[in-house]
Amino acid sequence: MINIPRGTQDILPESSAKWRYIESKLHDLMSCYNYEEIRTPIFESTELFARGVGDSTDVVQKEMYTFKDKGDRSLTLRPEGTAAVVRSYIENKMQGLPNQPVKLYYNGPMFRYERKQKGRYRQFNQFGVEAIGAEDPSIDAEVLALVMHIYQSFGLKNLKLVINSIGDAESRVEYQQALRDHFKPVIHNYCADCQKRIDTNPMRILDCKVDRNQPEMKTAPSITDYLNDTSKAYFESVKAHLDRLCIPYEVDPNLVRGLDYYTHTAFELMMDSKDYDGAITTLCGGGRYNGLLELLDGPKQTGIGFALSIERLLLALEAEGIELPVENHLDLFIATMGEAADDYAVKLLNDLRHAGVKVDKDYLSRKLKGQMKQADRLQAKYTIVIGDQELEQQQVAVKNMETGQSETLKFEEIASYITKGA
Ligand code: HAM
């Protein structure tokens with residue numbers, strides 16, 4: 001037997017109905033916030049992620065699915081959406097569009113070679129937004145408000161929004177040096193990756209999964225103490241907007257995020273539920289990326305966004321015992337008695353489907369009792385039983401399975417009776 005690849009999942013019909021519900025709600029919310037959908041390829045040039053996400057990140061170093069195509073090009077299955085959306089913004093010269101910021105959203109599979117655990121998959125589905133072309137604390141606040149709105153609209157309550165500012169490029173130069181000075185005397189106790197990170201990108205030491213419990217992690221200098229005046233003022237203004245919007249948040253000076261492109265506002269939404277037994281509590285993450293467009297040879301524009309995985313959203317809903325209102329019932333089940341009736345049902349079924357009725361019949365020559373059980377399993381709202389008499393009279397009793405009441409109708413009247421929600 002050939003099994004599904006490790007870290008991937010089949011989304012079976014019962015779940016896919018939930019996915020459709022979630023995705024359709026997300027599309028609706030996006031129109032309220034005036035974001036438009038963008039679809040970029042599943043694979044991109046490897047260089048896009050190496051440069052955009054950052055050579056020293058775990059994502060690029062360890063987690064990418066990279067391959068050569070037949071033309072010897074190095075391609076990578078996208079591990080995240082931001083770099084690709086920014087590439088597309090630059091390539092399609094969206095900076096020339098009159099409506100800035102350009103507000104985009106995406107929804108699709110991403111791939112990371114990670115250790116499988118609850119809430120962490122090798123193929124997962126990210127829904128994300130990017131607002132590119134404005135550097136204004138009010139757009140940061142809009143993006144944060146949108147994150148909260150999304151989760152609250154599904155009825156989730158146990159949420160914790162954690163924010164931080166990781167400053168602008170200038171603030172970070174000093175900070176990186178302070179981290180080097182802090183870790184240098186003890187770096188021999190750290191993993192091989194951190195021993196490289198201390199030179200290439202010391203901030204990455206702070207989110208090392210191997211060394212997270214080392215004592216110097218707790219005493220490491222905080223970025224907050226290295227923010228210059230511009231960065232401080234920007235962060236204060238974002239917080240003031242959040243206060244005005246009555247969005248509760250916690251400031252965590254240790255939140256640095258695992259991707260290199262962030263500047264200023266960085267945030268994560270955590271699940272704050274005691275009943276959740278999974279190790280993964282981060283539902284969503286994002287932030288501002290002021291240098292990314294230029295790093296990818298684009299114009300001097302800035303952006304902010306976030307991404308969440310639908311898999312983790314579903315886990316959060318499960319942890320809070322929230323049932324999504326997904327219905328998957330049939331309008332009508334046609335039961336038949338005899339060959340002539342069954343032949344007639346094939347045609348009636350086709351006509352009714354063309355009229356927009358959700359309808360099915362038996363295909364396994366079940367006895368009438370078996371057919372009625374099947375109607376029950378399919379949660380059919382109405383049933384009809386066609387036999388010789390119904391064929392002769394060209395009419396049939398349409399039974400409402402909820403009330404038990406029947407109404408006799410001509411075959412051609414059934415569609416409008418059902419679609420009008422009789
Ligand atoms: P990220 O924090 O790497 O950020 O991922 C964002 C979200 O994707 C996570 O909070 C989680 O919900 C989901 N996620 C990540 N990895 C996995 C996985 N292996 N299995 C299941 N879910 C996962 C980004 O990707 C940035 N591009 C977000 C962003 C957009 N920043 C600015 N704009």
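Computed quantities for the displayed model
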read-out: Relative contact order %, the range 165-254, counting alpha carbon pairs below 8 Å whose residues are six or more apart; value: 39
read-out: Value of relative contact order over the range 332-419, rounded to a whole percent, pairs C-alpha under 8 Å and six or more apart; value: 33
read-out: Hydrodynamic radius of the range 332-419 per Kirkwood, over alpha carbon pairs, in Å; value: 12.8
read-out: Unit charges on C-beta of K, R, D, E only; dipole of the range 106-160, Debye; value: 780
read-out: Separation of alpha-carbon centers, the range 329-402 and the range 118-132, rounded to whole Å; value: 43
read-out: Selection of chymotrypsin sites (Phe, Trp or Tyr not before Pro), the range 158-227, meeting DSSP coil and at most 10 other Cβ within 10 Å; value: none
read-out: Directionally averaged projected area (convex hull, Cα atoms, the range 346-394), nm²; value: 3.9
read-out: Antiparallel content of DSSP bridges confined to the range 332-419, in %, to 5; value: 45
read-out: Value at 222 nm in deg cm²/dmol, rounded to 500, when DSSP H runs of n ≥ 4 in the chain each add -39,500 (n - 2.57); value: -11000 deg cm²/dmol
read-out: Charge tally in the Cβ shell below 13 Å around Arg353, where Lys, Arg are +1 and Asp, Glu are -1, Arg353 excluded; value: 0
read-out: Placed amide H near Glu80: partners under 5 Å, 5+ positions off or other chain; value: Phe111
read-out: For the chain, diffusion coefficient by Stokes-Einstein and Kirkwood Rh (Cα), 20 °C, 1.002 mPa s, µm²/s; value: 86
read-out: Neighbourhood net charge (11 Å Cβ-Cβ; Lys/Arg +1, Asp/Glu -1) for Gln126; value: +1
read-out: Computed over the chain: relative contact order in percent, which uses C-alpha pairs under 8 Å that are six or more apart; value: 16
read-out: Globularity ratio of the range 65-193, using Cα Rg and 2.2 N^0.38 Å; value: 1.39
read-out: Point-to-point label distance, Glu339-Gln405, nm (Cα→Cβ direction, 7 Å offset); value: 4.0
read-out: Mean Cβ count within 10 Å, highest first, over the residues of peptides 302-314, 57-69, 144-156; value: 302-314, 144-156, 57-69
read-out: Length gained when the stretch Asn328-Ser45 is fully extended (0.36 nm per residue, less Cα-Cα span); value: 97.8 nm
read-out: Principal axes of the range 192-284: Cα extent on each, largest first, Å; value: 45, 42, 24
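All of the numbers you see were taken from the coordinates with simple rules; none came from a lab. What you are looking at is a predicted structure, and each value in this text was computed from that prediction instead of being measured. We place every Cβ from the backbone using ideal geometry, glycine too, and count neighbours over all the protein chains shown.
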